[in-house]
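Presented below is the structure to which this report refers.
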Amino acid sequence: MNVVDKAIETQLKNIQTRTGKSLDALFAVLRKSGLTKHGELLALLKEELGMGHGDANAIVKAYARSKEAPAGGDASSSDDAVVDALYAGPKASLRPIHDKVMAAVAAFGDFEIAPKKTYLSLRRKKQFAMVGPATKTRVEVGLNMKDIEGTERLLALPPGGMCQFKVNLSDVKDVDRELLAWIKRAYDAAG
């Protein structure tokens, strides 16, 4: 099992603990609703079970991958396809960097992934990070943080952009404690 699969498994276990419901019971709620659209299923879990967006999204995705989801629905999100497209061709070698970043962020708790054409936007109440391939040799992590000074590695960006800082990653080893501390700080501030 790869790092991302382990993170998803951990998130699903945590959801079951928080809700007091098994995956089968959560899937039953979705199945009984008769809904098939991803957004409708998300809204249902948020309203009926009081789930946060990240937990609801994880359950809907797991449901879509299960054999219980009705055929012909669009319960599966296109997140996986977007990530596959981001890291296709000459950027394929960057996928392990992306996966390591996302697995680490998944351990922080609930958040939403909003796929864009060239990156993933990571959001809580507001966007806290962006992750995507900047070139065929580097992944860029954009961060929204205040009251922190840039460094040689934590590059300050001009005001008015999507993020205040960026960090360039060219190797899986670049996903280190320093980077994760910055991402956690941005995550906490966005909640």
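Quick check: is even one residue across the range 174-185 of a type in the set (Phe, Trp, Tyr) and in a helix (DSSP H, G or I)? Walk me through how you get there before you give the answer.
The first filter runs over the range 174-185 and keeps only residues of a type in the set (Phe, Trp, Tyr), leaving 182.
Next, from what is left, pick out any that are in a helix (DSSP H, G or I): 182.
Yes, there is a match, as at least one residue in the range 174-185 is of a type in the set (Phe, Trp, Tyr) and in a helix (DSSP H, G or I).
Return the pairs, sorted by first residue and then second, in which the second residue is aromatic (Phe, Trp, Tyr), the first residue lies in the range 94-123 and is assigned by TED's automatic domain parsing to the domain that holds Glu140, the beta carbons are less than 6 Å apart, and the residues are 6+ apart or on different chains.
Qualifying pairs under 6 Å: Leu94/Tyr87; Arg95/Tyr87; Phe108/Tyr187; Leu122/Phe111; Leu122/Phe128.
Considering only the range 153-169, I want to know if a residue exists there that is in a helix (DSSP H, G or I) and on the phi < 0 side of the Ramachandran plot.
Taking the range 153-169 first, the residues in a helix (DSSP H, G or I) are none.
No.
Take the range 142-165 and flag every residue that is of a type in the set (S, T, N, Q) and in contact (Cβ under 8 Å) with a residue 40 or more places away in the chain.
Matches in the range 142-165: Asn144 only.
With the requirement that a residue be more than 18 Å from Phe111 (Cβ to Cβ) and out of contact with any Lys or Arg (no Cβ under 9 Å at 6 or more places or on another chain), what does the range 29-40 give you?
First pass over the range 29-40, keeping only residues more than 18 Å from Phe111 (Cβ to Cβ): 29-37, 40.
Passing the criteria: Leu30, Arg31, Lys32, Ser33, Gly34, Leu35, Thr36, Lys37, Glu40.
So, of the residues in the range 22-50 that are assigned to a loop (DSSP other than H, G, I, E, B) and hydroxyl-bearing (Ser, Thr, Tyr), which turns out to be surrounded by the most Cβ atoms within 10 Å (Cβ to Cβ)?
Taking the candidates together, the pick is Thr36.
Yes or no: Lys166 buried (at least 17 other Cβ atoms within 10 Å of the Cβ) and in contact with a helix residue (DSSP H, G or I) (Cβ under 8 Å, 6 or more places away or on another chain)?
On the way: buried (at least 17 other Cβ atoms within 10 Å of the Cβ): yes; in contact with a helix residue (DSSP H, G or I) (Cβ under 8 Å, 6 or more places away or on another chain): no.
No: the conditions fail for Lys166.
Return the residue satisfying two criteria in turn: it lies in the range 120-144 and is modelled with pLDDT of 90 or more and assigned to a loop (DSSP other than H, G, I, E, B), and of such residues it is nearest to Asp171 (Cα to Cα).
Per the stated criteria, the residue is Thr137.
The values are calculated or read from the model by the stated rules, or taken from the named source; none is laboratory data. Everything numeric here is computed off the predicted structure, so don't read it as measured data. Neighbour counts run over all protein chains shown; Cβ positions are idealised from the backbone, glycine included.
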